[in-house]
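Below you'll find the structure, written out as C-alpha coordinates, and then a few comments.
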Amino acid sequence: MSIEEMIERRFVCTKCRGTDCNIKEVSMSGAGLSKMFDIQHNHYLFVACASCGYVEVFDPDVLKGKKQGQVGTILDILFGG
(Lines give C-alpha, C1' and ligand atoms only; values in the text may rest on other atoms or scores of the structure.)
Protein backbone atom coordinates (compact mmCIF):
# COMPACT_ATOMS: atom_id res chain seq x y z
CA MET A 1 0.00 0.00 0.00
CA SER A 2 1.38 3.43 -0.93
CA ILE A 3 1.79 6.35 1.47
CA GLU A 4 -1.01 8.21 -0.35
CA GLU A 5 -3.39 5.27 0.05
CA MET A 6 -2.60 5.02 3.75
CA ILE A 7 -3.25 8.73 4.25
CA GLU A 8 -6.56 8.53 2.34
CA ARG A 9 -7.74 5.56 4.43
CA ARG A 10 -6.86 7.16 7.79
CA PHE A 11 -7.60 10.80 7.02
CA VAL A 12 -9.70 12.79 9.49
CA CYS A 13 -9.54 16.58 9.21
CA THR A 14 -8.34 18.23 12.41
CA LYS A 15 -10.60 21.25 11.76
CA CYS A 16 -13.97 19.89 10.61
CA ARG A 17 -13.58 16.10 11.15
CA GLY A 18 -14.21 15.44 7.44
CA THR A 19 -12.93 12.12 6.10
CA ASP A 20 -12.35 12.88 2.40
CA CYS A 21 -9.12 14.44 1.18
CA ASN A 22 -7.15 15.40 -1.91
CA ILE A 23 -3.40 14.71 -2.02
CA LYS A 24 -0.81 16.46 -4.17
CA GLU A 25 2.92 15.83 -4.28
CA VAL A 26 4.96 19.03 -4.45
CA SER A 27 8.66 19.32 -5.28
CA MET A 28 10.73 22.31 -4.24
CA SER A 29 14.31 23.43 -4.63
CA GLY A 30 16.41 24.05 -1.56
CA ALA A 31 18.90 26.83 -0.95
CA GLY A 32 22.26 27.52 -2.58
CA LEU A 33 23.23 25.62 -5.72
CA SER A 34 20.02 23.62 -5.90
CA LYS A 35 18.06 26.88 -6.03
CA MET A 36 20.38 28.40 -8.63
CA PHE A 37 20.12 25.34 -10.91
CA ASP A 38 16.43 24.72 -10.11
CA ILE A 39 17.10 21.22 -8.74
CA GLN A 40 13.96 20.17 -6.91
CA HIS A 41 14.99 17.51 -4.44
CA ASN A 42 12.60 18.35 -1.59
CA HIS A 43 9.33 16.43 -1.93
CA TYR A 44 6.25 16.93 0.23
CA LEU A 45 2.68 15.70 0.28
CA PHE A 46 0.00 18.39 0.63
CA VAL A 47 -3.20 16.85 2.01
CA ALA A 48 -6.31 19.04 1.69
CA CYS A 49 -9.63 18.33 3.35
CA ALA A 50 -12.30 17.98 0.66
CA SER A 51 -14.90 19.54 3.00
CA CYS A 52 -13.25 22.67 4.39
CA GLY A 53 -9.98 23.01 2.43
CA TYR A 54 -7.66 22.86 5.45
CA VAL A 55 -4.20 21.67 4.31
CA GLU A 56 -1.60 19.61 6.16
CA VAL A 57 1.93 19.02 4.84
CA PHE A 58 3.77 15.71 5.24
CA ASP A 59 7.34 14.64 4.45
CA PRO A 60 7.04 11.25 2.69
CA ASP A 61 10.58 10.26 3.72
CA VAL A 62 9.62 10.57 7.39
CA LEU A 63 6.41 8.61 6.80
CA LYS A 64 8.42 5.86 5.10
CA GLY A 65 10.86 5.82 8.02
CA LYS A 66 13.88 6.86 5.98
CA LYS A 67 15.63 9.99 4.81
CA GLN A 68 17.03 10.01 1.30
CA GLY A 69 20.78 10.55 1.36
CA GLN A 70 23.04 12.46 -0.98
CA VAL A 71 23.65 9.41 -3.18
CA GLY A 72 19.92 9.15 -3.93
CA THR A 73 19.71 12.87 -4.58
CA ILE A 74 22.63 12.74 -7.00
CA LEU A 75 21.07 9.78 -8.83
CA ASP A 76 17.77 11.69 -9.05
CA ILE A 77 19.60 14.64 -10.59
CA LEU A 78 21.44 12.49 -13.13
CA PHE A 79 18.55 10.22 -14.10
CA GLY A 80 15.56 12.50 -13.53
CA GLY A 81 14.20 10.60 -10.50
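The values are calculated or read from the model by the stated rules, or taken from the named source; none is laboratory data. What you are looking at is a predicted structure, and each value in this text was computed from that prediction instead of being measured. These accessible areas exclude ligands, DNA and RNA; they are computed on the full protein's heavy atoms, side chains included. Shrake-Rupley method; radii C 1.70, N 1.55, O 1.52, S 1.80 Å.
Per-residue accessible area (protein heavy atoms, 1.4 Å probe) orders 4, 25 as 25, 4, starting from the largest. Ranking of 6, 1 by solvent-accessible surface, largest first: 1, 6 (1.4 Å probe, protein heavy atoms only, all chains present). Residues 63, 45, ordered by accessible area of protein heavy atoms at a 1.4 angstrom probe radius and largest first, appear as 63, 45.
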